[in-house]
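None of the figures in this text is laboratory data; all of them are computed from the coordinates on show. All of these numbers come straight from a predicted model, not from anything done at the bench. Don't worry about glycine lacking a Cβ; one is built from the backbone with ideal geometry, like all the others, and counts go over all protein chains shown.
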Amino acid sequence: MLAIETEALTRRFDGRPAVEALSIEVPVGAFYGFLGPNGAGKSTTIKLLTGLLAPSAGRAAVLGIDLARDALAVKRRIGVVPDGLALFERLSGAEQLRIHGQLYGLERRVAARRADELLAALELERDAGKLVGEYSHGMKKKLALGCALIHGPELLFLDEPFEGIDAVAVSGIRRMLQDLVARGAMTIFLTSHVLEVVERLVTHVGIIRAGRLAAHGTLDAVRGAGTLEEVFIRTVAEDRGAVRPLSWLGEARGSR
Amino acid sequence: MSAPGGRAPRVPVDALGAFAELRFRLIWRRLRGRQGIPELVARIVLFVVAIPAGLAFAALAGVGAFSAARAGHGLQADVAVAAVFFGVWQTWTAVALSLSEREGLDLRRMLVYPLPPARLFGYGVLSSVVGDPFSVFWCLVLGGAFVGGALARPGAWVGLLALAYALFVLATVALVALLQETLARALRGRRARVLAIATVYLGTAGLVAWAGGRPAALLQALRALRALRWAAFPAAFAHAAVTSLYGGRPLAALPWLAAHAAGAAGAGYLAYRLALAAALAGDGGAPRAAASGAAGWRLPGRMGALLEKEAKYLLRHPLATLLALILPALAGLVAWRVAPRIPVEAGEVVRALPLLAFALYAHVAAQIFWLNAFGWERGGGRTWFLAPIPAAEVILAKNACAYAFSLALFAASAGVGIAIAGAPPGWALVAAVALHAGIAPWLLGAGNLVSILNPRAAPLTVQRGGALSPLSSLAGMAIFSAAAAVFSAPVLLALRLDRPWVLVGLWAALGLAGAAGYLVLLPRTARLLERHREALLEAVAGDEE
C-alpha cells in the first residue's frame, strides 16, 4: 500500500519547470525525507501533493485517492505544515488550534480538548492567549505543527519543520514524530536542510535537484557506506563551482 | 557609541540619499501598483475623476479667499478663512486616520540602519504630504485659497501668507502623525477599544438624555465647548494668523505664526517619541485573546468555526473600531444639522432620505471587507485550500460576517439619528432595513468576484483601509453605483405615487431577486476561487513556487 504515488508529476511556472517528471512512491508507515538545495522544487512538490498547486502534467495519488478527482477526501486525511505556514495572525494560539480542528470536522468539544493538549505538548501554554501575529518564528512553526496534528491525520507533510526552532524543541518534536511513525500511526513526508536530524529520523529518502529526482530509495540504499550529507553534497553540488573569496571583507578593520 | 570629542557621528550623505531614494521608490511603486496596465488605467481613471474635482475645489477656495482678502475683516473674511482651514483640517485628518497607509512612519523597519531615527521619522512625515494622493488633493485646495488671497492684494505680506499655509500643512501632518501614534497605542488592546466605543456611545446617549431631545440645548452645550477648537490647533492658529494678515495687521499675525511653528514642532516631536517608544517596545503590551481551547464562542460545527474566525478577524481589525466610532457620530451630525432643515412640505419620502442614505453608507463604509475579503489573511489564506472545506462555505461565512458588521454599523447610526432627530414613521424604518438587506446580496455577490480576481495583501497591524488596489476601488465604485441606481428607481416611483410603502415592497422584491441570484452564483464563485487559488495566494500570502 502506498501513501504517495506520483507519475511524471510536472509543474512549470511561465514555461520554466519547477518540478519535472517526478515519479516517487512512498509506502504507508514510512518516514520520508525529501531533500534538495534551495529552489530545487521541494516546496513546490509538497504544494502539488496537498492541493495548493495544480500540476502542469502528470498525476498524483495520495492515500490511494487521485488528487485531481477528490481533493477534499485527501485533505480530510492529511495534515500539512506548508512553507510560509497557514496561520491566522489575528487569532490567539488557542483559538487557532481549536478553530483549525473544527474546520477539519472535529466536534468543538474534542477540538478544544486536543488544542489544550497540543499547547502543553508543544510548550506553548504560556503564550496560548497571545495573538499568533505576535509569536516568534519558532513558536509559529510549533503552532503550525499542532494544527497539522490536531485532527489525527494518516499522512503528515512537513516543509522545513525544524527551521527556526530551538534545539530542545527540535529534540522533543523529533521524538514525537518518531514515536508516531514507530506506532504505525502515521506516514510522514518531510523536507529539511538539517541533514543530521533527517538522517536520524527517516526510513526513506528522495533527493531532488533542479526539479528532477536525483536519488530515491530507503535510507540505507541511498547513503550506502557513507553519510547522508556526503551523498547529498555529491548529488547536488557536482555542477557548482567554488565560492570566490570576498577580498574586501576585513578592509575596514585593516584601515583603522 | 559617540564620535571622538563627544560629538554625534556625522551621517554620510550617501546613506540619507539612499533613504530618500528608498522612500521615493516605495511611493512610486505604490502609485504605479503591481498589476501593470489594468491597475495603471484604473488609477488614471480615479485621478481623472479626482483632479477636476480638486481643481474645482481649489477654484472655489480661491474665489472665497479672494473675496475674504478684499473684505479684509468682518464676518465675510472670518467665515471664509475658518471654512477653508477647519474644513481642510477636519477632512484631511479624518481621511488620514481612516484611509492612508502608515508605512513611511513605521520606525521598526528603519531602526536597523545606521541613520538617526528622528531624521527618518521627519522624512516619513514630509513624504506623507507628497506621497499620499489625498494630501496632494488638500494641498491643491489650499494652493487655490493661497493664490486667491495673494491675487486680491499683491504685496510683501504674501510671503507671510505663504508661511501660514506652509505651517498649516506641516502642523496638520505632524498632528495627524501624533493622532495615529496615540490611537495605535490606545486602541491596541481589546478592552481599550471596547472602552473607547462604549464611552462615545454612552456619552452621546447621556448628551441626548440631558438635552431631552431639544436640539437647541445640544447647540448650547456645543457652544460651551468652543474652547475645544484649539485642539485643532493647525486650523485655529492658521485662522488667527490669516485673518490678521487679511485685516492688514502683519505684526499681529507673527505671534500666531510662531505659535503655529512651535505647535507643529511639538506635535511632530511627540509623535516621534511615541513612534520610537513603540518601535523599541517590541512585543510589550501585545493584545491577548482566548488562552484555552475551551474558551471562545460556542458555535458548533465547521460553519460555526468559519463564522467565529471571520467575526473575530473583523472585530479585531482596528478599522472596525474606527468605523464604529465615526459612523454613528456622523449620523448624529446629520440628524442634528441636516434632518431638521428638510421642510415638512417636501414629503415623508424626502424626509426619510437621511435614514435611507445611512442604510447604503453602512455598506460603503464596510466595503474593504467585501471587496478584499482574503487580503487580511496573509498566510492563513492557505488554510482555505489545505483544509477539507468547500470554498462556497468559506465565501458564505465571509459574506455573512461582512453583512452583520454593516448591519451593526447601520443599526448604531440609525439609533443615534433617531435619538437626536426623533423616530421616523414606521414605514421608513422598515424600508431602511429592506434597503440595507435588499442591496446586500447584490453588493456581496459582485464583491466576491473582485475579492477573488483582484486580491491584495492588506496590513493587519495599522488602522488603515488603504488596502484596496485602484482597480478594486474602481470596481467598487462601479458596483455600488450600479446597485444604487437600481435601488433608487423605487424612490422615484414612491415620490411620483406619493406612496411610501411602495419602497418596502419593491426593495424587498429586489432583495429577493438579489438573494436568488447570489445563491445561483455561489457555486460558480466557489469554483472561480478554486481556479484562482494560486494567483490569490501569490497576492495575499506571497506564494510563488
Extension gain, residue A:1 back to residue A:200 (0.36 nm per residue minus Cα-Cα distance, nm): 69.2 nm
Label point distance in nm, residue A:123-residue A:168, each placed 7 Å from Cα along Cα→Cβ: 0.4 nm
Table column - 3J(HN,Hα) (Hz), the stretch A:163-168, Karplus curve with 6.51, -1.76, 1.60, x for Gly and Pro: 5, x, 9, 5, 4, 5
Per-residue HN-Hα couplings for the stretch B:161-175 [Karplus 6.51, -1.76, 1.60; θ = phi - 60°; Hz; x = Gly/Pro]: 5, 4, 4, 4, 5, 5, 5, 4, 5, 4, 5, 5, 5, 5, 5
Whole-Hz ³J(HN,Hα) from phi, Karplus 6.51 cos²θ - 1.76 cosθ + 1.60, for the stretch B:289-303, glycine and proline x: 9, 3, 9, 9, x, 6, 6, x, 6, 9, 8, x, x, 5, 5
Exposure proxy ranking, count of Cβ atoms within 10 Å, fewest first, for A:130, A:141: A:130, A:141
Contour excess over end-to-end distance, with Cα ends at residue B:37 and residue B:345 and 0.36 nm allotted per residue: 105.7 nm
Label point distance in nm, residue B:111-residue B:262, each placed 7 Å from Cα along Cα→Cβ: 3.2 nm
Estimated [θ] at 222 nm from DSSP helical runs (n ≥ 4, -39500 (n - 2.57)) normalised by residues in the protein assembly as shown, nearest 500: -21000 deg cm²/dmol
Positive-end residue, the stretch A:2-238 charge dipole about Cα centroid, Cβ charges, pick of A:139, A:227, A:150: A:150
FRET efficiency, 1/(1 + (r/R0)^6) with R0 45 Å, evaluated for residue B:270 and residue B:156 via beta carbons: 0.85
Cross-link reach list, aspartates and glutamates versus residue B:312, counting only Cα pairs under 18 Å and skipping chain neighbours closer than eight places: A:89, A:95, A:134, B:377, B:393
Electrostatic dipole magnitude of the stretch A:2-238 [Cβ: Lys, Arg +1; Asp, Glu -1; Cα centre; debye, to 20]: 520 debye
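Please report B:519, B:107 as a ranked list, fewest other C-beta atoms within 10 angstrom at the top and most at the bottom.
Details: B:519 13, B:107 18.
If I rank by nearby Cβ atoms, fewest first, I get B:519, B:107.
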Ranked A:176, B:477, criterion: other C-beta atoms within 10 Å, fewest first: A:176, B:477
Amide H contacts under 5 Å for residue A:52, placed H, 5+ residues apart: none
Two-site label geometry, residue B:509 and residue B:303: point separation in nm, points 7 Å out along Cα→Cβ: 3.0 nm
DSSP beta bridge pairing in the protein assembly as shown, given as percent antiparallel to the nearest 5: 55 percent
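Can you give the FRET efficiency for residue B:516 and residue A:56, using 1/(1 + (r/R0)^6), R0 = 41 Å, r = Cβ-Cβ distance, to the nearest 0.05?
The calculated FRET efficiency here is 0.60.
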Listed pairs A:47/A:141; A:42/A:140; A:130/B:398 exceeding 19 Å between Cα atoms: A:42/A:140; A:130/B:398
Gained length - residue B:478 relative to residue B:329, 0.36 nm times residue gap less alpha-carbon distance: 50.9 nm
Farthest positive-ward along the stretch B:301-541 dipole, Cα basis, beta-carbon charges - from B:458, B:392, B:409: B:458
Spatial separation of Cα centroids for the stretch A:189-240 and the stretch B:481-541, in angstrom: 56 Å
Built amide H within the under 5 Å cut-off of residue A:209, gap 5+: A:214
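For the pair residue B:91 and residue A:243, what calculated FRET efficiency results from E = 1/(1 + (r/R0)^6), where r is the Cβ-Cβ distance and R0 = 60 Å, to the nearest 0.05?
Efficiency at R0 = 60 Å is approximately 0.55.
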log10 of Debye I(q)/I(0), alpha-carbon scatterers only, for chain A at 0.12, 0.13, 0.14 Å⁻¹: -0.74, -0.85, -0.97
Neighbourhood net charge (14 Å Cβ-Cβ; Lys/Arg +1, Asp/Glu -1) for residue B:506: +2
Amide hydrogen neighbours beyond the local backbone of residue A:81, cut-off 5 Å, H modeled: A:157, A:158, A:159
Euclidean distance between Cα centres, the stretch B:322-361 to the stretch A:162-182, Å: 61 Å
